[in-house]
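Trainee: Have a look at this one before I ask anything.
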Amino acid sequence: MPQHIGIVACSAEGAALCYRTVCVEGAALLGPHAHPEVSMHTPSLADYMTHIYRNDWPGVGELMLASAEKLKKTGADFLICPDNTIHQALPYVLPRSPLPWLHIAEQVAAYAAERGYRRLGLTGTRWLVESEVYPSNYLRPSSAEREEINRIIMDELVCSVFKPEAVAYFQRVMRRMKGDGCDAVVLGCTEIPLIMSDANSPLPTLDSTRLLARAALRRATGP
């Protein structure tokens, strides 16, 4: 019997992509139309943002813990969070968590090592790229790039707005990263894969959303 996956969600589009990936790709492991049991809990994004705008990561952690407790009651065996930014709060969460977690950045790093990538670029919200969620040797966007990427994510992508201009901007940033020696780029906001992929990126992409979902599938269906 596969384990029950609990999704601690933050923003809707990234969580939805993670959920769809688990359900659709589960069939390859379990048979036609099959996937592990999945439960998801999502407080209002505004509640998260109230704490994030204040850099109140313990407060973010309390919201994550509240979701974790609710998901435990639904029968979840372990937890994933399809939101890179709020992984900053995990140090406040793990000591009190009722269930184990998979860490999104660890799944990305493992995939990068498997593929032999040596220098990674990182894209995501300004809170993420200024944090320690990903290793310090990942190339970050410049200050101006951080602000514009953050605007695209928070004003457009999380609101299901997908513009050609946003694609073009990410392509310019990734092209610069390639010129600076990167051999791959992390899509470190779970909404970025909705507009960027290997098909339109100047660099190979590491899709953190789907990598986390696939890691959850392996754990749920493994021995």
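The values are calculated or read from the model by the stated rules, or taken from the named source; none is laboratory data. Note that the coordinates shown come from a computational prediction; the quantities given were computed from them, not determined experimentally. When we count neighbours, we look across all protein chains shown, and the Cβ atoms used for this are built from the backbone with ideal geometry, even at glycine. SASA here: full protein model, heavy atoms, side chains in, ligands and nucleic acids out. Shrake-Rupley method; radii C 1.70, N 1.55, O 1.52, S 1.80 Å.
Trainee: Rank R118, R175, R126 by accessible area, highest first, at a 1.4 Å probe radius?
Mentor: If we order R118, R175, R126 from most to least accessible, we get R118, R175, R126.
Trainee: Here is a follow-up. Sort out the exposed loop chymotrypsin sites (Phe, Trp or Tyr not before Pro) in the chain (DSSP loop, at most 15 other Cβ within 10 Å) and tell me the longest stretch that has none.
Mentor: The reported range is 54-161.
Trainee: Summing +1 for each Lys or Arg and -1 for each Asp or Glu, what net charge is found among the other residues whose Cβ lies under 11 Å from the Cβ of A15?
Mentor: -2
Trainee: Moving to a separate point now. If you count only protein heavy atoms with a 1.4 Å probe, what accessible area per residue comes out for the chain, rounded to a whole Å²?
Mentor: 44
Trainee: Placing unit charges on C-beta atoms (Lys and Arg positive, Asp and Glu negative, everything else neutral), compute the dipole magnitude of the chain about its Cα centre in debye, rounded to 20.
Mentor: Roughly 360 debye, rounded to the nearest 20.
Trainee: Rank L17, L99, L79 by mean-square fluctuation in a GNM of the chain with C-alpha springs under 10 angstrom and give only the top-ranked residue.
Mentor: L99
Trainee: Hey, another quick one. Given points 7 Å out from each Cα along the Cα-Cβ axis, report the D56 to L94 separation in nanometres with one decimal.
Mentor: 2.5
Trainee: What residues have an amide H closer than 5 Å to that of M40, excluding those fewer than 5 places away on the same chain, when H is modeled at 1.01 Å from N in the peptide plane?
Mentor: Residues meeting the amide H criterion: I7.
Trainee: Could you state the angle between the C-alpha long axis of helix 57-74 and the longest principal axis of the C-alpha atoms of the chain, as a value from 0 to 90 degrees rounded to the nearest 10?
Mentor: Helix 57-74 and the main axis of the chain meet at about 40 degrees.
Trainee: Which FRET efficiency value, to the nearest 0.05, is calculated for T74 and D180 with the Förster distance at 45 angstrom and r the Cβ-Cβ distance?
Mentor: 0.50
Trainee: Compare A199, A112, A68 in a GNM of the chain, Cα atoms joined below 10 Å, and give the one with the largest fluctuation.
Mentor: Of the options given, A199 has the highest mean-square fluctuation.
Trainee: Remind me, relative contact order of the chain in percent, using alpha carbon pairs under 8 angstrom and six or more residues apart?
Mentor: Once normalised by length, the contact order is 26 percent.
Trainee: How far apart, in nm, are the 7 Å Cα→Cβ label points at Q171 and E106?
Mentor: Calculated label separation equals 3.7 nm.
Trainee: Using only Cα atoms, tell me the angle between helix 208-221 and the longest principal axis of the chain; keep it within 0 to 90° and round to the nearest 10.
Mentor: 30
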